[in-house]
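Below: the structure, in structure tokens.
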Amino acid sequence: MAVPTASPVVLDALADATRRAVLAELVDSDATATVEELVAALADRPAAAGSDATADRTDLRTALHHVHLPTLAEAGGVTFDPETGLVAAPSERPFDREWVARLVTDHPDPAYDATLAALGSGRRQVVLRELLVAGPATDRELAVAVAAHERGVDRATVPGSVAEVVELSLAHTHLPMLADAGFVTREGATVVAESMPWRSDPWVAASPIAEWAAAE
């Protein structure tokens, strides 16, 4: 059975308070903006823009032009012309959803960055779903669940060699990231989901992961 996931690309793009502040500013103004206008607006919203906004405006301008706006544009959150410096929210985009709007509105400060970064992976979302719905699991059991989801097959048909490769990925990348962000912990040979406030957040309830994130 397919596991509902929220777009990892969108979550990854939103895993920075400055980028969430850019989107909030574009929504508030409902107009095309220049990089300079965004610099001025974000510099006046230090809580929303995070650490970049408290730095020198030159640093903020550089970060917007070379990091944040290209990241948002690649994910489909904005249109950005580096030559003219014009930025706008496209009329049809993967960001035009209620759960994304809630994220941008409700989490302007950098404290939520790690949460979104941890969720910004399809594999990590499948791991969390497995732990929340089925309970503690070994690395291999999680690897089989992830491989079955990615291949669209029954778990019993996942080759051992495939599960081994996915298990290495989980052990070296995804599980440490989830653990560092406080999502999971280890109890002996098993991985256990921690109780975290993100599960009751309004954006989660409006997102595709709502049906399993609230599992008890």
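The values are calculated or read from the model by the stated rules, or taken from the named source; none is laboratory data. Since we're looking at a predicted model, the values are computed, not measured. Cβ sites come from the backbone with ideal geometry, for glycine too, and all protein chains shown count toward neighbours. We work out accessible area using only protein heavy atoms, side chains counted, and drop any ligands, DNA or RNA first. Shrake-Rupley method; radii C 1.70, N 1.55, O 1.52, S 1.80 Å.
By definition, a body whose alpha carbon gyration tensor gives a ≥ b ≥ c is oblate when a/c is 1.5 or more and a/b is not larger than b/c, and segment 115-156 fits this oblate description. For A137, the amide hydrogen comes within under 5 Å of the amide hydrogens of V191, counting only partners 5 or more places away or on other chains and with H modelled in the peptide plane. Placing unit charges on each Cβ (+1 for Lys and Arg, -1 for Asp and Glu) gives the chain a dipole about its Cα centre, and among L103, V144, V78 the Cα reaching farthest toward its positive end belongs to V144. Ligands, DNA and RNA aside, R57 has an accessible area near 110 Å² when probed at 1.4 Å. Computed from point charges on the beta carbon alone (+1 for Lys and Arg, -1 for Asp and Glu), the dipole magnitude for segment 96-140 about its Cα centre is near 260 Debye. For segment 51-140, the spherically averaged projection of the C-alpha convex hull amounts to 8.4 nm².
Probing with 1.4 Å while keeping every protein chain in the model, the per residue accessible area of segment 118-216 equals 46 Å². From its DSSP helices (H runs of at least four residues, each -39,500 (n - 2.57)), the chain gives a residue-normalised ellipticity at 222 nm of -14500 deg cm²/dmol.
Compared with the alpha-carbon gap, the fully stretched path from A40 to A206 is longer by 56.6 nm at 0.36 nm per residue.
For the chain, the share of accessible area belonging to carbon and sulfur comes to 52 percent (1.4 Å probe, ligands and nucleic acids excluded). The mean sequence distance of close C-alpha pairs (under 8 Å, at least 6 residues apart), as a share of the length of the chain, puts its relative contact order at 25 percent. Note on the chain: Kirkwood radius taken over Cα pairs, Stokes-Einstein applied at 25 °C and 0.890 mPa s, translational D equal to 133 µm² s⁻¹. Of all the options E37, E83, E141, the one that moves most in a Gaussian network model of the chain with Cα springs shorter than 10 angstrom is E83. Pair-distance distribution of segment 104-216: all C-alpha pairs, bin width 5 Å, starting at 0; shares per bin in whole percent are 2, 12, 22, 24, 19, 12, 6, 2, 1. Available extension along the chain between H66 and T105 is 11.6 nm, counting 0.36 nm per residue and deducting the alpha carbon span.
Under a 5 Å amide H cut-off, with hydrogens placed 1.01 Å from N, D81 pairs with L86 among residues at least 5 apart or on other chains.
For the chain, a simple Cβ point-charge model (Lys and Arg +1, Asp and Glu -1, everything else neutral) yields a dipole of about 520 debye relative to the Cα centre.
With a cut-off of 8 Å between alpha carbons and a minimum separation of six or more residues, what is the relative contact order of segment 118-216 in percent?
Relative contact order here is 32 percent.
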